[in-house]
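The values are calculated or read from the model by the stated rules, or taken from the named source; none is laboratory data. Values in this document were obtained by computation on a predicted structure and should not be read as measured data. Ideal geometry is used to build each Cβ from the backbone, glycine not excepted, and the neighbour counts take in all protein chains shown. Accessible surface is based on the protein model in full, side chains and every heavy atom, while ligands, DNA and RNA are left aside. Shrake-Rupley method; radii C 1.70, N 1.55, O 1.52, S 1.80 Å.
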Amino acid sequence: TEYNRKDKNAKASFGECWRNILRGFANINTQSAAWNARVQPESAKFDSNFPGLGRVTAEIGKMKIGAGVARADGMSDSPESWADRQAAWEKAMSDPDPAMASIKSDPQNMAAAKRFMPPGMVLPGVDAVEKQQAEFDILLKTAPVDNPQFIKIQQLVQQGGAELQQAVAMGQQPDPQKAQALQQGQQMMQQTPPMISSVPVRGDGSENDAVEALICLRMMNSAEGRRLVSSKDADDQAHFGNLHLHWQQHQASAAKLAAQNQQPIQPKTSLTVAVDKLDPQAQTSALQKVGVATTPEAVEQGNQQPHEIQTTERGVGPTGSEIERKVSIAGKALK
C-alpha cells in the first residue's frame, strides 16, 4: 500500500542517522570503560546479565592493560517497531511448513513471543523457561555447594566404622547387623554426589525438569557457556561446574519421574497341556472346560478321536497384574 511504501522510505532515509546513533552509544561506553579502568581498584569486577546482551563481565585489572573498546553491533536500518515485530511473529506462527512445527513448539521461542500474545494466554513451558533463565543470575556467579545428604551419610558411615573398629580392638565379635548397615551406607555414599548446584532442584515433580534441563543445556553450549568451560580462571570453571550440576540434577529428576509414571508391561504366558497324559478324571475336566463333551468312562475306554483345541484365558497373577494365558489341549474327542 501507499502507506507502507512511504513508511519504508522514511525508515530508509533514517538509516544513516541510526547508524551514527549506534556509533555514538559505542563511543560513550568506550569512554565509560576507560574511566572505570583509571579510578577502580585492580580487584574490581563487574559481572551481570543484561536483556538482549547476555552476560557482561569486566575485570578492571585486564582493562587497564588493553582498555575496553565498545563497538556498535547492528545494521544501518532503523529499528523495527513493536507492530513490525508482532507481525513477524504472527507470520512465523501461521507458517504451515512442517519444518516450522518444532520451532513453534519450542518453549524458549514461546517465551520470546509471549509479549506479542494476548494478555492472559497460557503458553506451555514458558514459566519454566523464565524460571530457569532467572536462576542463571545465581548459577553463573556461584560455585557448587556441599550435598547435605552426602554429608549425613558420610557421618553415619564414619561413626559405624569407628564402632566396628573399637569392637575389634576390644576382642569382641562385630555385630552382623551393624556390619551390614555399614556396607549399605558405603554403597549409598558411592551413589550420592558429594556436591550439588547452589540452586536446589526439588525433584518432587513440582518443577518442569525437562524444560529447565533443556534451557541449561543450551546455556552450556552458548557463547557464554563455551567461554566458561574453556576459561583458565578457577571461578569460571566453578561457575560452569555449578551450571552442569544443575543440568544433571534436572535430568535425573526427569528420568526418575518418568520411570515412576511408566505403565508396567503385563506378563504373557503360554501353556501347553498334553491331556492324554493325565488321568481320566483330569482329562474329562480339561476337555469339558474347552467345550468337549466326554465322561471319565469314555476317556478310560479310549472311545475318542485325536483332537486339539487352543484357547486364550485371562486372569490376575500373584502380583495383581493381568496375565494372558494361551492353553493348547491335545486329546481325543468322542466318536
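FRET efficiency for the SER43 to LEU22 pair, using the beta carbon distance and R₀ = 45 Å, is estimated at 0.85. Annotation: extensible slack from GLN186 through VAL122 equals 18.3 nm (criterion: 0.36 nm per residue apart, minus Cα-Cα distance).
Heavy-atom accessible surface of MET219, to the nearest 10 Å², is about 40 Å², with a 1.4 Å probe and all protein chains retained. Past the 25 Å Cα-Cα mark, which pairs from LYS62/LYS232; LYS141/LYS256; LYS114/LYS141; LYS104/LYS141? Among LYS62/LYS232; LYS141/LYS256; LYS114/LYS141; LYS104/LYS141, the Cα-Cα distance tops 25 Å for LYS141/LYS256; LYS114/LYS141; LYS104/LYS141. Expressed as a whole number of Å, what is the distance separating the alpha-carbon centroids of the stretch 165-204 and the stretch 215-263? A separation of 27 Å, based on Cα centres.
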